[in-house]
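Here the structure comes first, spelled out in structure tokens, and everything after it is commentary.
Each reported figure results from applying straightforward, stated rules to the coordinates on display, with no laboratory input. Only a predicted model underlies this, so the values are computations on that prediction, with no experimental measurement involved. Glycine gets a Cβ as well: all are built from the backbone with ideal geometry, and neighbour counts include every protein chain shown.
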Amino acid sequence: MSSSAPSSDVPPPNAPFTLTFLPDNRSVECAEAALLTDLAAAGEINIDQPYGGHGRCAKCRVRFIEGAPPPTPEDQRQLSPSMLTEGWRLACQCRIAAPAVIEIPPSERAPDAKSFGPPDLFAGQAVEPVVRIVPFSLTPSSLQSQYSALDALDKALPSDSCNALITNDLDVNSERLSASVAVLESLSPTLEKLKGQGEAAVMGNRLLAVAARVPRYGLAYDIGTTTVAGALVDLVSGKVRAALSKLNPQVRFGADVIARIHHAMKKPGGGAQLRQAVCRVVCELAERLRTQAGIGTREIIAATFCGNSAMTHFLVGADATGLGASPYVGTFTRELECSAAELQLPIHPEAGLWIFPQLRSHVGGDAMAAALAAGMDRAARPVMLIDLGTNAEIVLGCRDWMLATSTAAGPAFEGHNISHGMRAAVGAVDRVSAGPGGKLLTRVIGGNVKAHGICGSGLIDAVVALLQTGVIETNGRMLPPTEYAADRWPRMAPRLSVTPEGRRMVELVAAERSEGGRAVTLNDLDIRALQLVKGSTRAGMELLLREAGLSVAELDGIYLAGAFGNFLRKTSVLGIGLIPRMDLEKVHFLGNAAGIGARMALVDQAARRRAVDIAGRCRYIELATHPDYTDTFAEAMAFPEPGDLDTD
Ligand code: FES
């Protein structure tokens, strides 16, 4: 420990002191000893606690640069002596009563912005604007005529600007332009000030704003269980002006939706906590996106949201407890329109918000948005979409029919139940391959940095490499060193060990090249966790195909979507058997398809109708009660026979 190394001096309790979180350099004032995770939350610093903070997963580790408290028994159990010396502690167990400087490791920092699709997403397409920005010119006579200001404006707008039947008869139909009380309050003075010349922003038949230049931006949100992503979009060009992502602060209430629904059910005020957490991050992203783009709050006039069913329920404050137990029915599934005020979103108060419809409890608006982005409703021949995240949602179909299901994939792909798992962030091993003699090659995100853990794409790669070098058998069994063919794979053999607890383990990155001197490893339970995810996802695919009477060869394509989709290698996805053997040309990675769908629905009214149509005609297949599920799942757990060592 150097002179600047962490100390364990604890000042008297109740003394006011400051905690500083790095690298954000954000400070929190504390008056008494408290749990570090609570103090971090107060400072809007998110620390992941995937299993509710019981001190057993070591996912919440942070490093004290100054003022480290004495290690707790859980610290001593989970962290190596060198890590303790360097100031690492488990945040969920850490009660502090001293000034401290704490570094949040890369795995807990803000994730990279998710993509909301290419700049030319709408190129060559006929778009039916959700918000019409219509120039108008009122003559002095129309301003002084028998018409009210609203009627005069209604007459001046082209008829397709508000889907209105405009007639000279003022008392006729309900399709005429309407406006809120707030818009009406300022309409006459605004028109007068503009001398009858300006722009109107109209959504449907609702007048949102009148000005010399009306607001023309919108927000598209993808509310994921792990990450909330938002994009600021120009509603006229459809282009993304800024995009940001942030960890969903609900992770401190549980890694997956079931844990969070249980939190809402069991903890008094738990539902409100979950709503506040997601609304806070949605508002924060709105503020940061508009600041980044240099525009004001009132320039954002629309927003769309997609998310799984639980996230959608939490967002609007609807009771989600029904989603947690059979028959898994929530409060609503339809698309929802609401005002910015209802979500307290800091944008134009007249802005129209639109929330994607859900299909069923486990196939939410994010899957509907992804199916929209994949153009499944327009496909002439059947295609399959697999949206891999905390859950796996699978949609199979074409323009004539659609089936969907979901599998309890678990968050293995996001690193949650893998011993050294982490998100795809700086410090994550994201690529692994095996070479001659079992030489293991790894790549770490960030280049010349120490490895901190392994992300989903690295995990899939690693399993393929371990299959190729005989460390894992096709049934998922990891061999102990005593059974390993060390003569055939001499460079792999020294990496194998058995822990004192009896866990079979393989070292991916040596301690000296890893953060805190803690080697990045995989053990037999990690392999089993991946096998369960892969098995349930593959079983879902097989049963949907069977239900449709199709073979894999009859598919026109498989679309893989999800946060980490773009990092995956097709050969590895095939190598672990996540998808069946097929022509790799037919496998496509869509990236953040749900976010792309949210962007489409923000700009294009027709996209909204398509999403509603997809949700309306998609037939849900329940896997848990399917008579063939158990057998199919058991078969799907097996890994394929390994191919040759890859060289790409
Ligand atoms: S050890 Fe703290 S959240 Fe698991």
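List the equivalent ellipsoid semi-axes of the range 491-648 in whole Å, largest first, each obtained as the square root of 5λ for an eigenvalue λ of the Cα gyration tensor.
Equivalent ellipsoid semi-axes, largest first: 35, 22, 16 Å.
For Ala34 paired with Ser82, estimate the spin-label separation in nm (one decimal), with each label point 7 Å from Cα along the Cα-to-Cβ line.
3.6 nm
Output the 0 to 90 degree angle, nearest 10, between the alpha-carbon long axis of helix 593-603 and the longest principal axis computed from the alpha carbons of the chain.
10 degrees
Going by the alpha-carbon gyration tensor, a ≥ b ≥ c the square roots of its eigenvalues, is the range 192-269 rounded (a/c under 1.5) or, if a/c is not under 1.5, prolate (a/b greater than b/c) versus oblate?
It comes out prolate by the Cα gyration axes.
Quick check on packing: order 344-350, 637-643 by the mean number of other C-beta atoms within 10 Å, highest mean leading.
Packing order, densest peptide first, comes out as 344-350, 637-643.
Which of the peptides 472-482, 379-389, 430-440 is most tightly packed, and how do the rest follow, going by the mean number of other Cβ atoms within 10 Å of each residue?
Values: 472-482: 15.7, 379-389: 21.5, 430-440: 19.1.
Highest mean packing first, the order is 379-389, 430-440, 472-482.
Local charge sum around Asp366 (other residues, Cβ-Cβ under 11 Å, Lys/Arg +1, Asp/Glu -1)?
Spelling it out: positives minus negatives among the neighbours equals -3.
Just tell me which lysines come within less than 20 Å, Cα to Cα, of Lys534; anything on the same chain fewer than 8 places away is out.
Answer for Lys534, where 20 Å is the Cα cut-off: Lys570, Lys586, listed by chain and number.
Can you tell which of Cys60, Leu479, Leu496 lies farthest toward the positive end of the dipole of the chain, using +1 and -1 charges on the Cβ of basic and acidic side chains (Lys, Arg; Asp, Glu)?
Leu496
For Leu353, what charge total do you get from the other residues with a beta carbon under 10 Å from its beta carbon, if Lys and Arg give +1 and Asp and Glu give -1?
Numbers: positive: none; negative: Glu337, Glu342.
Result for the local shell: -2.
Go ahead and estimate [θ] at 222 nm for the chain from helices alone: -39,500 (n - 2.57) per DSSP H run with n ≥ 4, summed, over the residue count, rounded to 500.
Working: 16 runs with 171 residues, N = 648.
It lands at -8000 deg cm²/dmol.
Across the chain, how large is the tail of the calculated P(r) beyond 50 Å, expressed as a percent of all Cα pairs?
18 percent
When ranked by the protection proxy of mean other Cβ atoms within 10 Å per residue, highest first, what sequence do the peptides 574-586, 250-262 form?
Ranking, from highest mean packing down: 250-262, 574-586.
Using a simple charge model, +1 on the beta-carbon of Lys and Arg, -1 on the beta-carbon of Asp and Glu, nothing else, what dipole does the chain show about its Cα centre, in debye to the nearest 20?
Computed charge dipole of the chain: roughly 580 debye.
For Lys239, give me every one of the lysines with a C-alpha distance below 20 angstrom, ignoring sequence neighbours fewer than eight places off in its own chain.
Lys114
Name the residue farthest towards the positive end of the dipole of the chain from the options Val464, Tyr147, Ala561, assuming +1 on Cβ of Lys and Arg, -1 on Cβ of Asp and Glu, about the Cα centre.
Value computed over the given set: Val464.
In debye, nearest 20: dipole of the range 401-513 around its Cα centre with unit charges on the Cβ of K, R (+) and D, E (-)? Working shown, then result.
Working: 12 positive and 9 negative charges, 46 e Å.
With only Lys, Arg, Asp and Glu charged at Cβ, the dipole is about 220 debye.
Give the lysines whose C-alpha is closer than 24 Å to that of Lys267, dropping any in the same chain fewer than 8 places away, or say none.
Lys59
Could you please rank Phe305, Phe589, placing first whichever residue has the fewest other Cβ atoms within 10 Å of its Cβ?
Phe589, Phe305
Largest first and in whole Å, give the semi-axes of the range 381-432's equivalent ellipsoid, each being the square root of 5 times a Cα gyration tensor eigenvalue.
Its equivalent ellipsoid spans semi-axes of 30, 12, 6 Å.
Determine how many Å³ per residue the convex hull of the Cα atoms of the range 394-493 encloses.
Dividing the Cα hull volume of the range 394-493 by its residue count gives 153 Å³.
For a quick check: sort Arg518, Arg206 by the number of other beta carbons within 10 angstrom, fewest at the front.
Arg206, Arg518
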